[in-house]
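Presented below is the structure to which this report refers.
The values are calculated or read from the model by the stated rules, or taken from the named source; none is laboratory data. None of the values given here were measured: they were computed from a predicted structure. No Cβ is skipped: glycine too gets one built from the backbone with ideal geometry, and neighbour counts run over all protein chains shown.
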Amino acid sequence: MTFDCEKHILITGFGGQGIIMAGDILGKAATIYDGKNATMTQNYGPEARGGSCASQVIISTEDILFPSVYEPQVLVCMSQEGYTKNIKSLKKNGTFIWDEDLVKAKKHDPSWKTYHIPATRFAEELGNTMMANIVMLGFVAAVEDLVQIDALREAVLDSVPANTKENNAKAFDRGREYGEAILKGRAKQEKSRDRA
Amino acid sequence: MAGKAVMTGTYFMNGDHACCEGALAVGCRFFAGYPITPATEIAERMSRRLPECGGIYIQMEDELASIAAVLGASWGGVKSMTSTSGPGFSLMMENIGLGICTETPCVVCNVQRAGPSTGLPTLVAQGDMMQARWGSHGHYEVIALAPSSPQEMFDFTIRAFNLSEQYRLPVIIMADEVIGHMNERVVIPREEEITITGRRKPTVPPDMFKPYQADPDGVAPMASCGEGYRIHVTGLTHDERGYPVMDAATQENMTDRLIRKIRGNKDKIIRTDNAYLDDADIVVTAYGISARSAKHAVREARSKGIRAGLIKLETVWPFPEDLIRTLAPSLKALIMPEINAGQMVLELERCAGGACPVELVSHLGGGLIHPAAILDAVMAAHKGKKKKKKEA
């Protein structure tokens, strides 16, 4: 089967972390602000909070027909269970992103691009751990080409309560800057390696 | 001050919410329900949005009461609806029959999850298709629609209300967990672009009015309570005046008309979205979420040079019998994917009447049918092999 124009993203964590909301914002950014098509479907158990949950996002320039994500190209993990359950599904040459304080990651497939961030700790420093999902979104947008970063920022601000906009903007920017710094650092490393 | 009922604009919205917006846009102003996964988001949004739009939301004690209140509100003159999932749908069956018998316009949205019983509350299935058709006792006809996207949840909810008003019966929206919980682009048009069908009102003076005296198309004009017309509403077999009459002749008159008003207007009710049918020799017939997998498979088959076609059922009941009867003799196979052990495929088989083989691609719930499974069935039919039946 071909799903050529589609980008498959799986965001995992536990209920209450804003995992579904993160997927919703990502899809909204693609659909409303970036002129693409997107679907977001959710997996969760009967529990409202604390249970394992996942948000499956597909972004495409074409119609999306089959909305399930079996082999994500991008896997974001914000819980150990989310990691253990889903890490095997990540595609070759895929991107693995995780919250380094919440997930103990093991050895990776060398074809993967890997990035980690203390998203929840950053959110706590900004005053509210509930914004960890937004820090993570900023980070994901910086290190992986999914949607225009400004489109995503706009979708974040459009999705959060009015009185939390300022803080969420800070959370998003914190994740984005951290991601951009990592990319720069890696580029530098590669350059010096080239020279050597 | 009434809020905005038509939220014109483009949204990234889930199917449950789109259902609410469709209902509000077409004029629904009453909702009585009991929350149940995966339909809870409908009740939740209605509880917030209806008061904004000058409507009423009631959280009922259970599903029996929910549908009863919906029927009552409709006789009060208000467009009304409820939403539920499998377990609640089962509880609503008796009063859906009351709605059929009393010819009460209303809409019931069933966001299907896997059963039987409590089953998989948060996971998808299409297992209530025959229940929608035959779940209440006695013989009757229904109208049921099957959306396959949040946009269709919006569009089909509007159509469900229009059909219910036009033909005076509960119209059922057969959605599923994935459609209900999936976010996708939903475009809500401008208010003036939305077609609204109201119920037919009496044209005779009150003393001449008989509440169940039908026009030639089988549908009787409907007076609401308090409009000055005498009405009598009963689930007992009744005559044109609405009075119970316990004999075979009245039973025949009444049930014949309840059936005829749907069968006789089926061409106006049935809608399918067909693709590549002109030269197709293998036709996948699908509905709801499975129609998306089917479309994917048919496109893939076409790219391999196989003459596959697609019939997407927008209305599942009544079933497009004439279309299938006409097509079947020229086909190598009809294929139906559905997330149950084979329900609508029985209807497909009946309509094909043995003129071509009919194959089921089945999933028993908790997940979607992968397009590859449908493509396999298409390939097998193309090669003239009978699909290998997997033991469940």
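Where helices (runs of 4 or more DSSP H) sit wholly within the stretch B:283-392, those with at least 3 residues that are buried (at least 22 other Cβ atoms within 10 Å of the Cβ) occupy B:289-303, B:344-352, B:371-382. Look at residue B:77 and say whether it is surrounded by fewer than 20 Cβ atoms within 10 Å (Cβ to Cβ), touching a Ser or Thr at 6+ places or on another chain (Cβ under 7 Å) and either outside the structural domain of residue B:143 (by TED's automatic domain parsing) or in contact (Cβ under 8 Å) with a residue 40 or more places away in the chain (or both). So residue B:77 passes the test. Take the conditions (1) more than 27 Å from the chain's Cα centre (by Cα); (2) small (Gly, Ala, Ser); (3) under 21 Å from residue B:156 (Cα atoms); residue B:275 misses just one of them, which is (1). If the condition is being farther than 19 Å from residue B:72 by Cβ and of a type outside the set (Ser, Thr, Tyr), then the stretch B:234-243 contributes B:239, B:240, B:241.
Of the residues contained in the stretch B:245-254, none is found to be in a loop (DSSP other than H, G, I, E, B), charged (D, E, K, R), touching a Gly at 6+ places or on another chain (Cβ under 8 Å) and away from chain A (no Cβ under 14 Å). In the set (1) farther than 19 Å from residue A:54 by Cα; (2) touching a Phe, Trp or Tyr at 6+ places or on another chain (Cβ under 9 Å), residue A:180 fails one condition alone, (2).
Do we have residue B:199 as charged (D, E, K, R), touching a helix residue (DSSP H, G or I) at 6+ places or on another chain (Cβ under 6 Å), surrounded by fewer than 24 Cβ atoms within 10 Å (Cβ to Cβ) and within 14 Å of chain A (Cβ to nearest Cβ) here? Against the criterion (charged (D, E, K, R), touching a helix residue (DSSP H, G or I) at 6+ places or on another chain (Cβ under 6 Å), surrounded by fewer than 24 Cβ atoms within 10 Å (Cβ to Cβ) and within 14 Å of chain A (Cβ to nearest Cβ)), residue B:199 does not qualify.
I want to confirm something. Restricting to the stretch B:27-41 and keeping residues that are within 14 Å of chain A (Cβ to nearest Cβ) and outside any loop (DSSP other than H, G, I, E, B), which single residue is surrounded by the most Cβ atoms within 10 Å (Cβ to Cβ)? Walk me through how you get there before you give the answer.
Filtering the stretch B:27-41 down to residues within 14 Å of chain A (Cβ to nearest Cβ) leaves B:35-38, B:40-41.
In the following step, the residues that additionally are outside any loop (DSSP other than H, G, I, E, B) were identified as B:40-41.
Working: B:40: 18, B:41: 20.
Checked the stretch B:27-41; the qualifying residue surrounded by the most Cβ atoms within 10 Å (Cβ to Cβ) is B:41.
Which one of A:55, A:60, A:68, A:89 is more than 19 Å from residue B:367 (Cβ to Cβ) and either of a type outside the set (D, E, K, R) or surrounded by fewer than 21 Cβ atoms within 10 Å (Cβ to Cβ) (or both)? Just one listed residue meets the conditions, A:60.
Of the residues making up the stretch B:1-27, those that are touching a residue at least 40 places away in the same chain (Cβ under 8 Å) and more than 26 Å from residue A:42 (Cβ to Cβ) are B:2, B:3, B:4, B:5, B:6, B:8, B:26, B:27.
Kindly provide the set of residues from the stretch B:89-108 that are of a type in the set (S, T, N, Q), in a helix (DSSP H, G or I) and over 17 Å from residue B:174 (Cα atoms), ordered by number. Walk me through it before giving the result.
Taking the stretch B:89-108 as the starting set, the residues that turn out to be of a type in the set (S, T, N, Q) are B:90, B:95, B:102, B:104.
Checking which are in a helix (DSSP H, G or I) leaves us with B:90, B:95.
Answer for the stretch B:89-108, where residues must be of a type in the set (S, T, N, Q), in a helix (DSSP H, G or I) and over 17 Å from residue B:174 (Cα atoms): just B:95.
Return yes or no: is residue A:147 among the β-branched types (Val, Ile, Thr), within 14 Å of chain B (Cβ to nearest Cβ) and within 17 Å of residue A:183 (Cβ to Cβ)? For residue A:147, the condition - among the β-branched types (Val, Ile, Thr), within 14 Å of chain B (Cβ to nearest Cβ) and within 17 Å of residue A:183 (Cβ to Cβ) - is met.
Kindly indicate whether residue A:99 is of a type in the set (D, E, K, R) and either facing chain B (nearest Cβ under 10 Å) or in contact with a Gly (Cβ under 6 Å, 6 or more places away or on another chain) (or both). Spell out how you get there, then give the answer.
Values: of a type in the set (D, E, K, R): yes; either facing chain B (nearest Cβ under 10 Å) or in contact with a Gly (Cβ under 6 Å, 6 or more places away or on another chain) (or both): no.
Considered against the rule, which asks whether it is of a type in the set (D, E, K, R) and either facing chain B (nearest Cβ under 10 Å) or in contact with a Gly (Cβ under 6 Å, 6 or more places away or on another chain) (or both), residue A:99 comes out as no.
With a requirement of 2 or more residues that are surrounded by fewer than 24 Cβ atoms within 10 Å (Cβ to Cβ), the helices (runs of 4 or more DSSP H) lying completely within the stretch B:125-194 that satisfy it span B:129-134, B:150-167.
With the requirement that a residue be among the aliphatic types (A, V, I, L, M), within 15 Å of residue B:83 (Cβ to Cβ) and within 14 Å of another protein chain (Cβ to nearest Cβ), what does the stretch B:93-129 give you? Hit for the stretch B:93-129 is B:111, nothing else.
Looking at (1) within 29 Å of residue B:160 (Cβ to Cβ); (2) of a type in the set (D, E, K, R); (3) more than 14 Å from chain A (Cβ to nearest Cβ), which one does residue B:312 not meet, given that it meets all the others? All conditions are met except number (3). The residue list B:50, B:24 contains one member that is away from every other protein chain (no Cβ under 14 Å), part of a helix (DSSP H, G or I) and over 19 Å from residue B:145 (Cα atoms), which is B:50.
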